[in-house]
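Structure, as structure tokens:
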Amino acid sequence: MRQILVPTDFSNVSKNALQYGLDLYKGTDTSFEIIHVYNPSFDPVLPEFVDSSAGMVEVVKENMNALMAGIERNNGLEITNSLELGFTQETLLEKSYDYDLIIMGTTGTNSLLDKLFGSVSSDIAANAKCPVLLIPPDVHYKGISDMIFYCDDICENTIDKIVTFADRYDSNLHVIAKNQETKISGFVDSESLKVFLYEQKDNSVISEINDFIESKKASLLIMSTRKRSFWKKILNRTKTRAFALNSKIPLLVYHHNDIR
């Protein structure tokens with residue numbers, strides 16, 4: 001059974017990411033765990049948790065119960081939830097060892113937390129031990145007719161999983177690679193899947209991908225690399241973070257060494 005972790009801060013953005021995931025995997029052999037990580041307060045002098053907010057745990061429980069009550073249950077999915085006291089990044093990164101995928105929204109509950117949760121999303125995408133699917137605000141699942149896959153190197157296990165994923169949703173797969181067309185062709189054996197191969201030409205990866213998203217009317221962008229430093233660079237520079245976190249389509253992040 002596929003196991004997916006979905007963090008929530010109970011915002012509309014995180015609820016939308018959850019719904020996107022439920023719609024994407026509806027009717028499949030998949031279990032979802034919805035997790036909320038909370039930290040009432042933290043004393044920087046004495047590094048221990050201090051619950052200075054009376055009744056906060058009860059409020060969190062009520063929010064989670066309300067979220068669970070609003071989930072449609074005829075989707076064939078196993079759905080559980082958990083509440084954990086801790087720091088969001090550290091908790092999610094530790095849990096990423098045990099899941100096949102993390103699905104996250106890209107902003108939080110208000111202007112201040114938008115920046116915080118956006119930072120959490122980029123940090124998790126760059127460092128998680130499993131793939132991470134980032135869902136922009138107001139993007140709803142309506143099928144995936146075309147997906148774009150960018151890779152800086154070829155990993156057979158990664159290609160196999162992405163081809164299988166594209167085939168499952170009857171999608172056209174547009175692959176952008178660095179002089180790797182022949183290698184990719186050797187991994188594609190599905191007769192029903194349409195795969196289009198392109199050599200990366202532009203020095204600016206972001207610019208080229210943006211052009212492909214517009215020209216192909218893509219519904220999903222997949223990016224994969226062997227180098228974890230690539231993600232730290234692309235998700236932390238102001239210009240490219242804006243691309244990653246404000247894109248109009250979901251972004252699926254793969255790390256070659258972490259594919260299981």
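Numbers below:
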quantity: Per-residue ³J(HN,Hα) for region 18-23, Karplus 6.51 cos²θ - 1.76 cosθ + 1.60, θ = phi - 60°, Hz, x for Gly and Pro; calculated: 4, 5, 4, x, 5, 5
quantity: Karplus-derived 3J(HN,Hα), 6.51/-1.76/1.60, for each residue of region 86-92, Hz, glycine and proline x; calculated: x, 9, 4, 4, 4, 5, 5
quantity: Over 24 Å between alpha carbons, listed pairs 26/61; 61/142; 61/129; 15/95; calculated: 26/61; 61/142; 61/129
quantity: Distance (nanometres) between label positions extended 7 Å along Cα→Cβ at residue 169 and residue 29; calculated: 2.1
quantity: Phi to ³J(HN,Hα) by Karplus 6.51 cos²θ - 1.76 cosθ + 1.60 over region 25-31, Hz, x for Gly, Pro; calculated: 9, 3, x, 9, 7, 9, 10
quantity: Placed amide H near residue 150: partners under 5 Å, 5+ positions off or other chain; calculated: 176, 222, 223, 224
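Every number in this text was worked out from the coordinates using simple rules, so none of it is lab data. If you're wondering where the values come from, they're calculated on a predicted model, not measured in any experiment. For neighbour counting, all protein chains shown are included, and Cβ atoms are generated from backbone atoms with ideal geometry for every residue, glycine included.
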